[in-house]
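Engineer: Before I ask anything, here is the structure I am working with.
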Amino acid sequence: MNTLRTVGLFISGCSGRFWGSSGHTAHEVLQCGMWQDSCSEVSRTSVEHKQPALRPFVILTTMKYLLVLTVFSFFFYQVRALDLKLNGFNYDNRFDLKVNQSKTIKCDVVNNSNTETLIWYRGTQQVDIKPENSLNTSTVCLPAVAPDDNGISFTCLLKSDMTIKRSVQLNVLFEPILSGDTKTITQAGQNVQLTCGFKANPAVAMSWRQNDSIVSFPSRFEQSMSSNTWTLSITKVEMSDTANYTCVAVTASGNVTTLIFELIVGERQPGLPVEAIGGAVVVAFLIICFGLFARRQKIFKQCMKNKHNTAM
């Protein structure tokens, strides 16, 4: 504001240099420096010849510009002032937490002129909070975070304008958690999959061991990974594949977590030949048909006799 007032005074005092009579030279105009306290001797000489009617016009124009700038600055300040802070941060953030660690998330309205109501979301679900915990300042308490809370976002919003919001994402750090069906019994020649489910944060390196030894598996063995499973697939297992297979997870710090899968491959049981069974069924059907055909007359007479007795 002081700068604009100085500019206005300067324009008022030196307006004659820019809008003065035609008798002024370019040299005289240049003598009026941008931030000088007064005009030079040459300029002061020519002040007598300026047009007095232009001074009110310059002052009025300057006041109009100052008024517009003041109004614009006021509204711009008001728009920028209303904001939210989460635990003192006025931007979206991430909290690194350990399993079973507790955390309180505090949301504050910043530079508000009226009482504002706050609401919370956990992911896409609204959090139920008490009314007294929603005015201008609101808190959400997490008593003990779990691995399943990893990646969950908590968002604080202004109820009167839900475009004004701040979010925090939970980054829950925990050691690998392994799971799966740890005992498999099968017969030689079958295809087998040993599936080790895992969860970890941060990410871990996964591998399989046979009888607790690092081995080079034959081509019948294939290791594959999805987002949360580590699988060992064995094509046409052999009895020699019977062993303990260990699912191994190693963290970046070198911590090792294991889960043992027991595979028992039995001798292949001989199955009944399908062709022989099918042939026996056909033969039996034909024998029954021929027997009925050979005794057709006797069966017919018996049926007629039963019919006659019924009629009597």
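Engineer: If you go through the stretch 129-137 one residue at a time, do you hit one that is in contact with a strand residue (DSSP E or B) (Cβ under 7 Å, 6 or more places away or on another chain), open to solvent by 30 Å² or more (accessible area, probe 1.4 Å), in a helix (DSSP H, G or I) and more than 30 Å from Arg209 (Cβ to Cβ)? Walk me through it before giving the result.
Structural biologist: To start, the set of residues in the stretch 129-137 that are in contact with a strand residue (DSSP E or B) (Cβ under 7 Å, 6 or more places away or on another chain) comprises 129, 133-137.
This time we only want the ones that are open to solvent by 30 Å² or more (accessible area, probe 1.4 Å), so: 129, 133, 135-137.
When the remaining residues are screened for being in a helix (DSSP H, G or I), the result is 133.
Subset that is more than 30 Å from Arg209 (Cβ to Cβ): 133.
Within the stretch 129-137 (the criterion being in contact with a strand residue (DSSP E or B) (Cβ under 7 Å, 6 or more places away or on another chain), open to solvent by 30 Å² or more (accessible area, probe 1.4 Å), in a helix (DSSP H, G or I) and more than 30 Å from Arg209 (Cβ to Cβ)), the answer is yes, since at least one residue qualifies.
Engineer: Moving on. Could you run through the stretch 226-251 and say how many residues are within 25 Å of Pro202 (Cβ to Cβ) and at pLDDT 95 or above?
Structural biologist: Number satisfying all stated conditions: 10.
Engineer: Return yes or no: is Ser160 open to solvent by 40 Å² or more (accessible area, probe 1.4 Å), small (Gly, Ala, Ser) and over 30 Å from Leu232 (Cβ atoms)?
Structural biologist: Yes: the conditions hold for Ser160.
Engineer: Still on this structure, please answer the following. How about the stretch 241-260: which of its residues are open to solvent by 60 Å² or more (accessible area, probe 1.4 Å), touching a Leu at 6+ places or on another chain (Cβ under 8 Å) and under 19 Å from Leu173 (Cα atoms)?
Structural biologist: Thr258
Engineer: Please find, within the stretch 163-198, the residue that is most open to solvent (accessible area, probe 1.4 Å) out of those that are more than 30 Å from Lys236 (Cα to Cα) and in contact with a helix residue (DSSP H, G or I) (Cβ under 6 Å, 6 or more places away or on another chain).
Structural biologist: Phe174
Engineer: State whether one or more residues within the stretch 50-62 are polar (S, T, N, Q), open to solvent by less than 80 Å² (accessible area, probe 1.4 Å) and modelled with pLDDT under 95.
Structural biologist: Yes, the stretch 50-62 contains at least one residue that is polar (S, T, N, Q), open to solvent by less than 80 Å² (accessible area, probe 1.4 Å) and modelled with pLDDT under 95.
Engineer: Can we say Thr155 is of a type in the set (Ser, Thr, Tyr) and touching an Asp or Glu at 6+ places or on another chain (Cβ under 8 Å)?
Structural biologist: For Thr155, the condition - of a type in the set (Ser, Thr, Tyr) and touching an Asp or Glu at 6+ places or on another chain (Cβ under 8 Å) - is not met.
Engineer: For the stretch 266-285, check the following and say yes or no: at least one residue is within 30 Å of Ile177 (Cβ to Cβ) and at pLDDT 90 or above.
Structural biologist: The answer is no, given that none of the residues of the stretch 266-285 is within 30 Å of Ile177 (Cβ to Cβ) and at pLDDT 90 or above.
Engineer: Quick check on Gln126: is it surrounded by fewer than 17 Cβ atoms within 10 Å (Cβ to Cβ) and closer than 30 Å to Met239 by Cβ?
Structural biologist: Here the answer is no, as Gln126 does not meet what is asked.
Engineer: Any idea how many residues of the stretch 81-116 are in contact with a strand residue (DSSP E or B) (Cβ under 6 Å, 6 or more places away or on another chain), assigned to a strand (DSSP E or B) and open to solvent by 30 Å² or more (accessible area, probe 1.4 Å)?
Structural biologist: Residues flagged as in contact with a strand residue (DSSP E or B) (Cβ under 6 Å, 6 or more places away or on another chain), assigned to a strand (DSSP E or B) and open to solvent by 30 Å² or more (accessible area, probe 1.4 Å) within the stretch 81-116 amount to 11.
Engineer: Check the stretch 231-240 and report whether any residue there is closer than 30 Å to Lys98 by Cβ, open to solvent by less than 30 Å² (accessible area, probe 1.4 Å) and touching a Gly at 6+ places or on another chain (Cβ under 8 Å). Quick ask: steps written out before the conclusion?
Structural biologist: Narrowing the stretch 231-240 to residues closer than 30 Å to Lys98 by Cβ: 231.
Checking which are open to solvent by less than 30 Å² (accessible area, probe 1.4 Å) leaves us with 231.
With the extra rule that they be touching a Gly at 6+ places or on another chain (Cβ under 8 Å), the set shrinks to none.
No, every residue in the stretch 231-240 fails to be closer than 30 Å to Lys98 by Cβ, open to solvent by less than 30 Å² (accessible area, probe 1.4 Å) and touching a Gly at 6+ places or on another chain (Cβ under 8 Å).
Engineer: A further question follows. Can you tell which of Asp148, Asp181 is of a type outside the set (A, V, I, L, M, F, W, C), assigned to a helix (DSSP H, G or I) and either in contact with a Cys (Cβ under 6 Å, 6 or more places away or on another chain) or farther than 24 Å from Thr115 by Cα (or both)?
Structural biologist: Asp148
Here's the yes/no breakdown for (1) among the small types (Gly, Ala, Ser); (2) over 32 Å from the mean Cα position of the chain (by Cα):
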{"position": "Gln210", "(1), (2)": "no, yes"}
{"position": "Val215", "(1), (2)": "no, yes"}
{"position": "Ser227", "(1), (2)": "yes, no"}
{"position": "Glu238", "(1), (2)": "no, yes"}
{"position": "Thr246", "(1), (2)": "no, yes"}
{"position": "Asn255", "(1), (2)": "no, no"}
{"position": "Ile260", "(1), (2)": "no, yes"}
{"position": "Leu263", "(1), (2)": "no, yes"}
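The values are calculated or read from the model by the stated rules, or taken from the named source; none is laboratory data. Keep in mind that this is a model prediction, so the values were computed, not measured. Methodologically, a virtual Cβ is constructed for each residue, glycine included, from the backbone with ideal geometry; neighbour enumeration extends over all protein chains shown. These area figures cover heavy atoms from the full protein model, side chains too; ligands, DNA and RNA do not enter into them. Shrake-Rupley method; radii C 1.70, N 1.55, O 1.52, S 1.80 Å.
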